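The values are calculated or read from the model by the stated rules, or taken from the named source; none is laboratory data. A quick note: this is a predicted structure, and the numbers were derived from the prediction, not measured. Backbone-built Cβ (ideal geometry, glycine too); neighbour counts: all protein chains shown.
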Amino acid sequence: MFSISADPAGNKDQTPRKFAFRAPQLPYTVNDFVFGKLLGVGSYSKVVRVKKKDTEEEFALKIMDKRHIIKENKVSHVKTERLVLDQLCHPGLVRLFFTFQDAQSLYMGLECCHGGELFYQMMKKGRLSIDEASFYIAEIVEALEYIHGEGVIHRDLKPENILLTSDGHLKLADFGSAKIMKPLPNGFIQNDPEEKTTFVGTAEYVSPEALNGRPLTIGADLWALGCIVYQMLEGKPPFRAASEYLTFQKVMARDFVMQPHFTPEARDLVNHLLDLDPERRLATGSMGYAALKAHPFFSRVKWSQLRESTPPKTA
Ligand code: ATP
């Protein structure tokens, strides 16, 4: 895995041997790629579209400056993202193909999502139709079902971290804030049973239990999902205020209004995801994700053919 070391060649792999990574750290250098468009900028990375010179394959190269990562205390973020993306594999997650490093930077070769962030689609479209929203939410639900089944909680689920492929399907990205609750296929576990939910991520999608210091569960992602359902149908997130503090007050008070255009099914789904009690949110009960997928909001969704069906037209 990435080791942030002063190794000038940058290729020394200090991974404990018991870890078997699917996406290897390769002896690549930036000279192996033709650099294209800047795809995005995060708090500790920039992501550029690149083409591998010998194979002509295209990737989204996530470039992270080592000094910046250390200065900003993001070492564990980078390691977590690397571990999670490396060990999980699902059509609803951005795929990691390889990593490399040099003296200045760490590089992750990711599957390129040409359609950009779901956030931009939502901004351009304003309100989504029920058909559009139910399709997109269904794809997010499938991805969450998979990561939660693998014991991973995303913790920063929001439209900026959900990307569109060129054909308009969705993929979850940015696993830097994730929590690993049970051993990954390579045996890695990060769970601390005493750990309380803390505020990581983004104020508008943070769960009330995170603000109350209650134990961390998959409920955190389900709350964020509820916020996204609402946002798709309303054009803005349910909890938005002039400051982070005021946003938190709204979250704790569950202070949001659903306008008359919310259908009864949409209203019921939002209410069952934005439940103040994380254990009552849909998908956390004994029926698990079957309960969420059977919700009438998804009545037009063909779960078994989701990835083969035609996604909504992009704006
Ligand atoms: P954050 O500040 O949210 O923690 P980060 O530094 O972890 O950000 P990312 O969120 O992973 O960075 O990436 C930054 C942006 O780059 C994304 O919001 C997205 O617009 C773009 N991006 C990331 N990965 C890809 C990809 N695989 N394909 C296309 N664009 C991508």
I want to confirm something. Restricting to region 286-315 and keeping residues that are over 14 Å from S134 (Cβ atoms) and of a type in the set (D, E, K, R), which single residue is surrounded by the most Cβ atoms within 10 Å (Cβ to Cβ)? R307
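State all residues of region 32-42 that are part of a strand (DSSP E or B) and either aromatic (F, W, Y) or within 15 Å of the ligand (Cβ to nearest atom) (or both); if no residue qualifies, say none. If you could, list the steps in order and put the result at the bottom.
Restricting attention to region 32-42, the residues satisfying the condition of being part of a strand (DSSP E or B) are 33-41.
Hits for region 32-42 are F33, F35, G36, K37, L38, L39, G40, V41.
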Select from region 165-190 the residues that are modelled with pLDDT of 95 or more and outside any loop (DSSP other than H, G, I, E, B) and write down the one among them that is nearest to A203 (Cα to Cα). L172
Among the residues that make up region 135-154, is at least one of them within 12 Å of the ligand (Cβ to nearest atom) and not basic (K, R)? yes
Selected residue (criterion: farthest from H148 (Cα to Cα)) from residues of region 88-134 that are away from the ligand (no atom under 13 Å from the Cβ), surrounded by fewer than 19 Cβ atoms within 10 Å (Cβ to Cβ) and within 16 Å of the chain's Cα centre (by Cα): P91
Which residue pairs have Cβ atoms under 7 Å apart, sit 6 or more places apart or on different chains, and have a first residue in region 115-141 that is assigned to a loop (DSSP other than H, G, I, E, B) and a second that is surrounded by fewer than 19 Cβ atoms within 10 Å (Cβ to Cβ)? G115/T165; G115/S166; G115/G168; G115/T314; G126/G235; R127/G235
Report every pair of residues separated by at least 6 positions or lying on different chains whose Cβ atoms are under 7 Å apart, first residue within region 266-278 and without any contact (Cβ under 8 Å) to a residue 12 or more places away in the chain, second surrounded by fewer than 22 Cβ atoms within 10 Å (Cβ to Cβ) and not in a helix (DSSP H, G or I). R267/M258
Please go through region 285-303 and give me each residue that is of a type in the set (S, T, Y) and modelled with pLDDT under 95, ordered by number. S286
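Which ranges mark the helices (runs of 4 or more DSSP H) fully within region 201-285 that have 3 or more residues being out of contact with any Cys (no Cβ under 8 Å at 6 or more places or on another chain) and surrounded by 20 or more Cβ atoms within 10 Å (Cβ to Cβ)?
Passing ranges, in order: 208-212, 219-234, 264-273.
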Taking region 65-94 as the region of interest, how many residues are assigned to a loop (DSSP other than H, G, I, E, B) and either farther than 17 Å from R22 by Cα or free of Cβ contacts under 8 Å to residues at least 60 places away in the same chain (or both)? 5
Conditions (1) at pLDDT below 95; (2) part of a loop (DSSP other than H, G, I, E, B): number failed by L157: (1)
Considering residues that are within 16 Å of the ligand (Cβ to nearest atom) and either at pLDDT 95 or above or within 14 Å of M108 (Cα to Cα) (or both), the number found within region 43-56 is 9
